[in-house]
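Quick notes on the structure that follows.
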Amino acid sequence: MTSIIDDLTGIVSGAFEDCGYDRDLGAVSVSDRLDLCQFQCNGAFSGAKQYKKAPFMIADEVVQKISKNEIFKSVEMVKPGFINITLKDEVLLKKAKEIAGDINLGIPQAEKSETIVLDYGGPNVAKPLHIGHLRSAIIGESLKRIARAMGNKVISDVHLGDWGLQIGLVIAELSERNPDWVCFSSDFDPDKDKVNPIDVDELNEIYPFASQKSKSDEAFKEKARAVTAELQSGHKGYIAVWKEIMRVSVRDLKENYKRLYVDFDLWYGESDANEYVDELIEILNKKGLMYESDGAMVVDVEEETDKAPIPPVIVKKSDNSNIYATTDLATIIQREKDFSPDRIWYVVDKRQGLHLTQVFRCARKAGIVPDSTELAHLAIGTMNGKDGKPYKTRDGGVMRLSDLINTVVEAAYEKMSDENFDTKEEKRDAAQKVAVAAVKFGDLSNHIQKDYIFDIDKFLSFEGKTGTYLIYTVTRINSILRNLGVNNDGQVLFSGIYSDIERELLLNIILSGEAFKHALSERAPSVICDNAYRLASLFSTFYHDNHIMGETDKNKQSGWISLCILVRKLLIRHLDVLGIKAVERM
Ligand code: ARG
């Protein structure tokens, strides 16, 4: 289906053209003065310069052309040259009905579906998933769902940090603790020998320990470096322990992501790019881009217009080990081969801006993706505690994601009253969903680049712009429909508009597709949050002002019920692209 904005733009553009002006002047947008009109076109102002004519004269001619069109309740020129448009109620109702019957609920579909590789999450194997990876997961998951809802093909890749020094540290420490393990003996044979199992709790404990140790123990640090380089060159024993570390760690990660309704199509890691490293180096060599500097191989990536110096990117270290930039570059080769994407988006902490700038520039110079492929760092801000500093546990440590989720689930559980639930399990299930809604909406309602303060009490409030309020609104609609014995999926039938608030609500329903459009073009899930909140608040006012249950005029009542059904569906759709699940009651 077409959007109302497209319909109106078509009509007004046609009128500009009929009057001898450029069609493109006819773009219609939502009015920024809803008290005056619903839509507006400001094209006459640009036309005035082009045609050396007063804007009001142009606007007047255009209005004359369309004033007879029966969809308008009013269309008028307002000096100095605005075109103000208000639609007849029946047009709003017809469009709302169309939306209710559309499988995409009026969400505009891409004319040409794009392939987008979305790199988000980026947890590091062998380190517990911590809240630093939370934002990336929440935002990436939402962008994936928004882009898909609009008809694009999105491939999500967790891009595990599974190949760096942290693995070397863990393996080095394991070898000191367990020198007798067969994988550490020189005659280890992966086809015959069994690898000793690793326990997830030990894995969680071992990395911080080894990392600390490497700070004071130079020899250990060297050993970890050597292990990393040997692992990357295919040392059989180390590969075997590494596989065991991966098995345990990935299982744990998957469980955590699942609790957040975050999932990935690809569970690739930096290690999967290893087989493309030779090709990368060959390309860089052939193009003469790589040279030696301080024992490392580097590529210049600075540009004349740089305001701050951008250092060369290091692609090989002196011990021949690959580093972060190498794997990111090799991964681009891999992604290009596998998917030839139109875009590769990295939902990564803004503090990694320099790294990704270097990687993207090097990729362009090397020509490993076509010029038309977008490489974008969707930089994300920091989640802070109430003290305005990066969120920490009480004792100042890095909080594990599972602990954070547990805390919020507990708080949500405490907040809801038992009587709304038949069983404890039902309440538990609702608490889990409310907690995710609270955390995710608290995050996504901020622009992705902005730092924000993590405030559980605020996020769990039933009032104000929170995920809790939104799913609470859905449960209120559920209860109305339940009490009236109406199917959630019932027919949508409108007979008229009976109050201003209904008109405003309908207008917002009709314009929801625009929110999706903006959310994707600006890569901003916050636009979806704003729209969902607007719908929910308008619905609350509508519900407060009208007594749906007791209404005796059956036409009116069925129109209002239709509004409930449609708002509910739309809210759930908004929540779905935010990665939030609604609940039946709370
Ligand atoms: N593993 C990295 C870290 O924890 C994040 C990875 C981000 N993605 C990427 N393609 N570089 O810092």
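The values are calculated or read from the model by the stated rules, or taken from the named source; none is laboratory data. Everything numeric here is computed off the predicted structure, so don't read it as measured data. Quick reminder, even Gly has a Cβ in these numbers, built from the backbone with ideal geometry, and neighbours come from all protein chains shown.
Values for this structure:
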read-out: Elements of type helices (runs of 4 or more DSSP H) in the stretch 277-386, at least 1 residues being surrounded by fewer than 21 Cβ atoms within 10 Å (Cβ to Cβ), within 31 Å of the chain's Cα centre (by Cα) and of a type in the set (Ser, Thr, Tyr); value: 324-339, 353-366
read-out: Considering residues of the stretch 554-581 that are crowded, with 23+ Cβ neighbours inside 10 Å and in a loop (DSSP other than H, G, I, E, B) only, the residue nearest to the chain's Cα centre (by Cα); value: Gly579
read-out: Unmet requirement for Gln449, which otherwise passes all of (1) over 22 Å from the mean Cα position of the chain (by Cα); (2) closer than 20 Å to Pro525 by Cβ; (3) surrounded by fewer than 20 Cβ atoms within 10 Å (Cβ to Cβ); value: (1)
read-out: Pair list, Cβ under 8 Å, 6 or more apart: the stretch 528-539 residue over 12 Å from Leu505 (Cβ atoms), other residue of a type in the set (Ser, Thr, Tyr); value: Ile528/Ser142; Cys529/Ser445; Asp530/Ser445; Asn531/Ser512; Tyr533/Ser445; Tyr533/Tyr469
read-out: Of residues in the stretch 97-153 being of a type in the set (Lys, Arg) and either more than 18 Å from the chain's Cα centre (by Cα) or under 30 Å from Ser211 (Cβ atoms) (or both), the one farthest from the ligand (Cβ to nearest atom); value: Lys97
read-out: Qualifying residue in the stretch 404-423 (condition: part of a helix (DSSP H, G or I), in contact with a Leu (Cβ under 9 Å, 6 or more places away or on another chain), among the hydroxyl-bearing types (Ser, Thr, Tyr) and modelled with pLDDT under 95); value: no
read-out: Matching residues, the stretch 17-33, being surrounded by 14 or more Cβ atoms within 10 Å (Cβ to Cβ) and of a type outside the set (D, E, K, R); value: Cys19, Tyr21, Leu25, Gly26, Ala27, Val28, Val30, Ser31
read-out: Residue among Leu507, Leu563, Leu571 that is within 30 Å of Trp345 (Cα to Cα) and out of contact with any Phe, Trp or Tyr (no Cβ under 6 Å at 6 or more places or on another chain); value: Leu571
read-out: Which numbered condition Val315 fails, given (1) within 15 Å of the ligand (Cβ to nearest atom); (2) within 28 Å of Leu129 (Cβ to Cβ); value: (2)
read-out: Residue within the stretch 137-149 that is part of a loop (DSSP other than H, G, I, E, B) and either among the hydrophobic types (A, V, I, L, M, F, W, C) or surrounded by fewer than 16 Cβ atoms within 10 Å (Cβ to Cβ) (or both) present; value: no
read-out: Selection from the stretch 251-268 of residues that are at pLDDT below 95 and within 14 Å of the ligand (Cβ to nearest atom); value: Leu253
read-out: Residue in the stretch 457-479 that is over 20 Å from Lys554 (Cα atoms), among the acidic types (Asp, Glu) and either outside any loop (DSSP other than H, G, I, E, B) or in contact with a Gly (Cβ under 7 Å, 6 or more places away or on another chain) (or both) present; value: yes
read-out: Count - residues of the stretch 1-33 that are in a loop (DSSP other than H, G, I, E, B), of a type in the set (A, V, I, L, M, F, W, C) and farther than 17 Å from Val91 by Cα; value: 2
read-out: Some residue of the stretch 353-373 being touching a Lys or Arg at 6+ places or on another chain (Cβ under 6 Å) and within 12 Å of the ligand (Cβ to nearest atom); value: no
read-out: Hits in the stretch 235-249 - residues which are surrounded by fewer than 21 Cβ atoms within 10 Å (Cβ to Cβ) and either closer than 23 Å to Ile332 by Cβ or within 14 Å of the ligand (Cβ to nearest atom) (or both); value: Met246
read-out: Qualifying residue in the stretch 218-229 (condition: within 16 Å of the ligand (Cβ to nearest atom) and in contact (Cβ under 8 Å) with a residue 24 or more places away in the chain); value: yes
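Quick grid of which residues meet (1) of a type in the set (D, E, K, R); (2) part of a strand (DSSP E or B); (3) in contact (Cβ under 8 Å) with a residue 60 or more places away in the chain:
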| site | (1), (2), (3) |
| --- | --- |
| Ile116 | no, yes, yes |
| Leu134 | no, no, yes |
| Ser156 | no, yes, yes |
| Cys183 | no, no, no |
| Pro190 | no, no, no |
